[in-house]
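Below is one structure, written out as structure tokens, with a few remarks after it.
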Amino acid sequence: MSIELEKTILRNILTNESFMRKVLPFVQKDYFDGVYRTLFIEVAKFVQKYNKLPSHEAFKIELDSVSLSEEMHTHALDILPDIFTKKEEDEDWLVDTTEKWCQDRAVYNAIMESIQIIDGKHQELSKNAIPDVLQKALAVCFDANVGHDYLENVDERFDFYHEQEERIPFDLDYLNRITKGGLPNKTLNIALAGTGVGKSLFMCHHAASCLSLGHNVLYITLEMAEERIAERIDANLMNVPIDQLGNMSKNMFKDRINKIASKTNGKLIIKEYPTGAAHTGHFRALLNELRLKRSFRPEIIFIDYLNICSSSRMKGMGGAINSYSYIKSIAEELRGLAVEFGLPIFSATQTTRSGFSNSDLGLEDTSESFGLPATADLMIALISNEELDGMGQIMVKQLKNRYNDPSTNKRFCIGIDRSKMKLFDVDQSEQENIVDDGPVFDKSVAGERLKGIKVF
């Protein structure tokens, strides 16, 4: 590390108020060494207390009150004249350079802390904490945005209203209708269903669809093995019953995959984690690794499924927390990850016990947490029964929709081929007795229309 750079940063913190205001919230005392750390601590304390920079004389007086060794105190006084000598620097360059220095120092400190942990010399943290220590260091950055000025930022707001928002489209008509063309970035989207209804099939189909449309897709599974998810996507993209995949010769199988690859510019990465063991810290570390090692940046993430993730904020709390708080925390963390990386996340959740026998799922049927639909941008219910299965259909009901009016096309059917792990549009005539534009929470109409329908 350059001592000169360290001195330059400290000098400008002490003499350039504009620069100080921009960087002080992000600079940590541990980034400095020796006497420079002492000087930084004192200037940070002074600014916090008086909301302005100290003069040379005031700073000397403050230093005299600090408990320092004689050698350290003498060294500090010796370098103060140079530190307080203002030198003209390009501020944009200085801010950028300081941000890079902070990132480098954070990573260095994280590596040294990790070594302590590995050696068993850390007093508080165990080896399980190393991924979190490293990902926190990698996340260091300056956020220069201080908010939207309602009266001043008129042009920006007008342009926003008239720009075409980037979305990841579905390959199903009604799902595109209710989302106005697909899933926007920075959103959390949830499918609610009972066991066996088709949560994983639903997500596998849309992962396959996104790949076919040329998008980079990350599929995180906490329930099934990577190979089982890949098997479902193989069946979908090859249009082959899943139980017949094993009958293909190796050459035929590779030819089919090569044809799929030739028709898309996208990539699909499937990553398995143990059930209940992974949280957004692991997912963030994975995203950074994929970017660095494979130059892969996903445009959409599927997480199968939310309830069996863990919470990074509440790990290790055991019985001290209830399921409502825990699931809500997971949902908030996943949505935060979507915002951080600027992409949509699609996941799923289980119904409550009562939801397994409910003919018309509602938000109250969300397993474990009503806080989950409060956090999600889009939430749909997947409903099935023997009759619908016999017709090769599954019913979709909107529960919450921030993209469109949820009372329009509140309920509709889509085709399902469970053998090939595929979804498809059905004829409009088959929607006539199903599509309902009544109030979202009114179950009376659906109760009459769907009498006898049970959720698996």
Sole miss for Val154 among (1) within 26 Å of Arg284 (Cβ to Cβ); (2) without any contact (Cβ under 8 Å) to a residue 60 or more places away in the chain; (3) among the β-branched types (Val, Ile, Thr) is condition (1)
Can you find a residue in the stretch 240-248 that is in contact (Cβ under 8 Å) with a residue 24 or more places away in the chain, within 26 Å of Gly181 (Cα to Cα) and assigned by TED's automatic domain parsing to the domain that holds Glu272?
no
Checking Met203, Met248, Met224, Met238 in turn, the sole residue that is among the hydrophobic types (A, V, I, L, M, F, W, C) and within 16 Å of Ile345 (Cβ to Cβ) turns out to be Met203
Output the number of the condition that Gly147 fails; it satisfies all remaining conditions of (1) at pLDDT below 90; (2) of a type in the set (Gly, Ala, Ser); (3) in contact with a helix residue (DSSP H, G or I) (Cβ under 7 Å, 6 or more places away or on another chain).
(3)
Could you say whether any residue in the stretch 287-302 is over 21 Å from the mean Cα position of the chain (by Cα) and not in a helix (DSSP H, G or I)?
no
Condition check: at pLDDT 90 or above and either more than 23 Å from Met224 (Cα to Cα) or not assigned by TED's automatic domain parsing to the domain that holds Ala193 (or both). Does Ala376 satisfy that?
yes
Counting only helices (runs of 4 or more DSSP H) wholly inside the stretch 162-278, the ones holding at least 2 residues that are under 29 Å from Ile327 (Cα atoms) and hydrophobic (A, V, I, L, M, F, W, C) are 173-178, 199-212, 226-238
Considering only residues of the stretch 393-436 that are assigned to a loop (DSSP other than H, G, I, E, B), over 30 Å from the mean Cα position of the chain (by Cα) and modelled with pLDDT under 90, which is surrounded by the most Cβ atoms within 10 Å (Cβ to Cβ)?
Val426
Checking Tyr219 against (1) in contact with a helix residue (DSSP H, G or I) (Cβ under 6 Å, 6 or more places away or on another chain); (2) among the aromatic types (Phe, Trp, Tyr); (3) over 23 Å from Leu286 (Cα atoms), only one condition comes out false. Which one?
(3)
Quick one: which residue in Phe160, Phe202, Phe253 is among the aromatic types (Phe, Trp, Tyr) and within 20 Å of Met379 (Cα to Cα)?
Phe202
Scanning the stretch 205-221 for residues that are of a type in the set (S, T, N, Q) and surrounded by fewer than 23 Cβ atoms within 10 Å (Cβ to Cβ) gives Ser209, Ser212, Asn216
Identify the single condition in (1) hydrophobic (A, V, I, L, M, F, W, C); (2) loosely packed, with under 15 Cβ neighbours inside 10 Å; (3) modelled with pLDDT of 90 or more that Phe40 does not satisfy, given that it satisfies every other one.
(2)
Output for the stretch 48-71, where each listed residue is of a type in the set (A, V, I, L, M, F, W, C), closer than 17 Å to Leu10 by Cα and assigned to a helix (DSSP H, G or I)
Ala58, Phe59, Leu63
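To keep it simple, each residue is scored yes or no on (1) hydroxyl-bearing (Ser, Thr, Tyr); (2) exposed (fewer than 11 other Cβ atoms within 10 Å of the Cβ); (3) part of a helix (DSSP H, G or I).
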site	(1), (2), (3)
Asn109	no, no, yes
Ile115	no, no, yes
Gly120	no, yes, no
Glu124	no, yes, no
Lys136	no, no, yes
His148	no, yes, no
Phe158	no, yes, yes
Hey, does the stretch 438-451 have a residue that's surrounded by fewer than 21 Cβ atoms within 10 Å (Cβ to Cβ), assigned by TED's automatic domain parsing to the domain that holds Arg177, of a type in the set (Lys, Arg) and modelled with pLDDT of 60 or more?
no
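The values are calculated or read from the model by the stated rules, or taken from the named source; none is laboratory data. As the structure is a computational prediction, the values presented were derived from the model and not from experiment. In this analysis, Cβ positions are derived from the backbone assuming ideal geometry, glycine residues included, and neighbour counts consider all displayed protein chains.
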